Amino acid sequence: MGQTPTNHDSALPSSYAFSRPVILQGLTDNSVSAASPPGHLASMGPRPLSPLFPPPQRFRALCSRERLLASFGDSVVRLSTANTYSYQKVDLVFQEYVEQLLHPQDPTSLGNDTLYFFGDNNFTEWASLFRHYTSPPFGLLGTTPAYSFGIAGTGSGVPFHWHGPGFSEVIYGRKRWFLYPPEKTPEFHPNKTTLAWLQDTYPALTPSARPLECTIQAGEVLYFPDRWWHATLNLDTSVFISTFLN
């Protein structure tokens, strides 16, 4: 978080801004285009079939494993734990993170033992990458947008938490989301990973207690409103970036 994007040139429709999440397809030019025309608003259900609109993919190309290691392999990155209430941070050389920690999640590992690269970005050091990112062209009045970039392995993710509104875009991979409105606190343990929650807690939930769910694919953006509870699960090794509206 830190760098301020400047291309938020329209307000998000009020029907979504404060009331419910929405998937936005074909909105930016950062990744593989979803099968929808530019600016398409999708429900949290199956994607409609539409002609492809393949956009430029400069940012996606810069986010490949090879390009990231070539550009930032010697950089020190700050990792967070997958514990909802922990503020523990660990500094590690980016190449070591990719080679040693970017592996499938062990479902028996606790959140405190799971390190995750997301959010604590050095925007001076990574400026050569972030200047190529096209953020969603929507904003909320009275907010200032800031980026948060992440890379994580299959089965990783963050457990339930909430914060202000924002957008989350997948550049590589797929990210599954579980969301509850602010008034409905989910059943979870803050030191259990999302993968452990999915295996241990989710199957026993009654239909009325289950979250709103979706899978965001490369080229898609999820808007999440203010104070909505959410947990994420990377279904593949994934590269993603969020634009928080603070």
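Looking at this structure, is S148 modelled with pLDDT under 95 and closer than 17 Å to A82 by Cβ? Answer is yes for this residue.
Remark: pairs (first residue in region 88-100, within 11 Å of R78 (Cβ to Cβ); second residue part of a helix (DSSP H, G or I); Cβ separation under 6 Å; 6+ apart in sequence or on different chains) = F94/F72. Screening T185 with (1) open to solvent by 10 Å² or more (accessible area, probe 1.4 Å); (2) under 24 Å from P137 (Cα atoms); (3) of a type in the set (S, T, N, Q) gives one miss only, at (2). Here is a list of conditions, (1) of a type in the set (D, E, K, R); (2) open to solvent by less than 10 Å² (accessible area, probe 1.4 Å); (3) farther than 30 Å from E66 by Cα, and K192 meets all of them except one; can you say which number that is? All conditions pass for K192, except number (2). Filter region 78-106 down to residues that are in contact with a helix residue (DSSP H, G or I) (Cβ under 8 Å, 6 or more places away or on another chain) and part of a loop (DSSP other than H, G, I, E, B) and give me whichever is surrounded by the most Cβ atoms within 10 Å (Cβ to Cβ). Out of the qualifying residues, it is A82.
Taken as a whole, the structure places E187 among residues that are in a loop (DSSP other than H, G, I, E, B), farther than 29 Å from Q100 by Cβ and not β-branched (V, I, T).
Six or more apart or on different chains, Cβ under 8 Å: which pairs go from a residue in region 217-246 that's surrounded by fewer than 19 Cβ atoms within 10 Å (Cβ to Cβ) to one that's charged (D, E, K, R) and assigned to a strand (DSSP E or B)? Could you list them? Qualifying pairs under 8 Å: L235/R174; L235/K175; L235/R176; D236/R174. When I151 is tested against (1) β-branched (V, I, T); (2) touching a Cys at 6+ places or on another chain (Cβ under 9 Å); (3) in a loop (DSSP other than H, G, I, E, B), only condition (3) is not met. Pairing each residue of region 122-151 that is over 23 Å from Q25 (Cα atoms) and touching a residue at least 60 places away in the same chain (Cβ under 8 Å) with any residue that is of a type in the set (F, W, Y) and open to solvent by less than 30 Å² (accessible area, probe 1.4 Å), provided the two are 6+ apart or on different chains, yields C-beta distances under 8 Å for F123/F130; F123/Y147.
Examine region 171-190 for a residue that is touching a strand residue (DSSP E or B) at 6+ places or on another chain (Cβ under 8 Å), on the phi < 0 side of the Ramachandran plot, among the aliphatic types (A, V, I, L, M) and without any contact (Cβ under 8 Å) to a residue 60 or more places away in the chain, and state whether such a residue exists. Checked region 171-190: no residue is touching a strand residue (DSSP E or B) at 6+ places or on another chain (Cβ under 8 Å), on the phi < 0 side of the Ramachandran plot, among the aliphatic types (A, V, I, L, M) and without any contact (Cβ under 8 Å) to a residue 60 or more places away in the chain. Take the conditions (1) more than 24 Å from E96 (Cα to Cα); (2) assigned to a loop (DSSP other than H, G, I, E, B); W197 misses just one of them, which is (2).
D74 meets the conditions (1) modelled with pLDDT of 95 or more; (2) open to solvent by 70 Å² or more (accessible area, probe 1.4 Å); (3) not in a loop (DSSP other than H, G, I, E, B) in every case but one. The failed one is (3).
When region 112-132 is limited to residues that are buried (at least 21 other Cβ atoms within 10 Å of the Cβ) and assigned to a loop (DSSP other than H, G, I, E, B), the one that is modelled with the lowest pLDDT turns out to be N121. The residue list S109, S168 contains one member that is hydroxyl-bearing (S, T, Y) and open to solvent by 30 Å² or more (accessible area, probe 1.4 Å), which is S109. Screening S135 against (1) assigned to a loop (DSSP other than H, G, I, E, B); (2) open to solvent by 20 Å² or more (accessible area, probe 1.4 Å) leaves a single unmet condition, (2).
The values are calculated or read from the model by the stated rules, or taken from the named source; none is laboratory data. What you see is a predicted model; the values in this text were computed from it and never measured. Note: ideal-geometry Cβ built from the backbone for every residue, glycine included; neighbour counts use all protein chains shown. Keep in mind that these areas ignore ligands, DNA and RNA; they rest on the heavy atoms of the full protein, side chains included. Shrake-Rupley method; radii C 1.70, N 1.55, O 1.52, S 1.80 Å.
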